[in-house]
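Contents: one structure, followed by commentary.
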Amino acid sequence: MVTRRIALFGGTFDPIHRGHATVARAAAREIGAERLIFIPARVSPLKGFFPFARDEDRLRMIELALAGQETLGVSDCELKRPAPSFTLDTVRQFQRDYGPETAIHWLLGADSVGDLVHWHRIEELIDACHLTTMRRPGYEPDFDRFVSRWGPQRIARLQQDAIVTPLVDISSTEVRRRLAAGENVSDLLHPEVLRYIREHHLYQAPQP
Ligand code: ATP
């Protein structure tokens, strides 16, 4: 029997921005998750490039953005494993750590739904946890197109787990672009994250 829920939020977080924090907090509330854990990926298998900031910088920026918020945390479990990071391995690890009475929700933005088909052992992942889709401006999650691959039960599960979260039009790509162009980013980032970026001279090179 499920007695508690936790939310895991994976991503590159290069860097973490206000969109991440806002939607993830809203998702945790909506789900009734007692804990929300950010999980920076060592390398996103789908992005095909290494992050712009080093692992320890991305991790530190998440810590700064979450400081003082008791139910929010960050795990470096994927940073410690050899790349690439597979979500299923992480979910299995948390299942072992938290036990069978804890339901695990893996959060993802609606823009990531189209990529799910490429995720490692996706059907097993859908069965193993609640893949919980959050809204993102410009993306309407369409699960129906995967019905012939994953079957109607999995599609119904994905649809049931999709939640309504605030629309926040921020991306790390835009943050990096603005930083490289010397534009203002104070509305996109936690002030401590911005201070860290300035102090460590991150994201100064123009985008490729
Ligand atoms: P990039 O611009 O480099 O693609 P990103 O802003 O999408 O980065 P990621 O770290 O790749 O950030 O995202 C991690 C997760 O957070 C993904 O599931 C993504 O869909 C989701 N996400 C990121 N930004 C938002 C947002 N503004 N609203 C909802 N979900 C988001």
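Applying the condition of being within 11 Å of the ligand (Cβ to nearest atom) and open to solvent by less than 70 Å² (accessible area, probe 1.4 Å) to region 124-135 and asking which residue is nearest to Leu88 (Cα to Cα) yields Leu131.
Taken together, Ala41, Ala7 contain a single residue that is open to solvent by less than 80 Å² (accessible area, probe 1.4 Å) and at pLDDT 95 or above, which is Ala7. If the condition is being within 21 Å of the chain's Cα centre (by Cα) and surrounded by fewer than 15 Cβ atoms within 10 Å (Cβ to Cβ), then region 175-191 contributes Asp187, Pro191. Is it fair to say Ile39 is in contact with a Cys (Cβ under 7 Å, 6 or more places away or on another chain), in a strand (DSSP E or B) and within 22 Å of Ala128 (Cα to Cα)? So Ile39 passes the test. Checking region 100-110 against the condition returns no match, with no residue being part of a helix (DSSP H, G or I), more than 14 Å from the ligand (Cβ to nearest atom) and open to solvent by 20 Å² or more (accessible area, probe 1.4 Å).
Checking each residue in region 137-174 for being of a type outside the set (Asp, Glu), within 12 Å of the ligand (Cβ to nearest atom) and open to solvent by 70 Å² or more (accessible area, probe 1.4 Å) picks out Gly138, Tyr139, Val164, Leu167, Thr173. Of the residues in region 111-123, at least one is within 11 Å of the ligand (Cβ to nearest atom) and open to solvent by less than 10 Å² (accessible area, probe 1.4 Å). For Ala83, the test of being modelled with pLDDT under 95 and touching a helix residue (DSSP H, G or I) at 6+ places or on another chain (Cβ under 6 Å) is failed.
The values are calculated or read from the model by the stated rules, or taken from the named source; none is laboratory data. Computed from a predicted structure; not experimentally measured. As a convention, Cβ positions derive from the backbone with ideal geometry for all residues, glycine included, and neighbour counts pool all protein chains shown. With ligands, DNA and RNA removed, areas are computed over all heavy atoms of the protein, side chains included. Shrake-Rupley method; radii C 1.70, N 1.55, O 1.52, S 1.80 Å.
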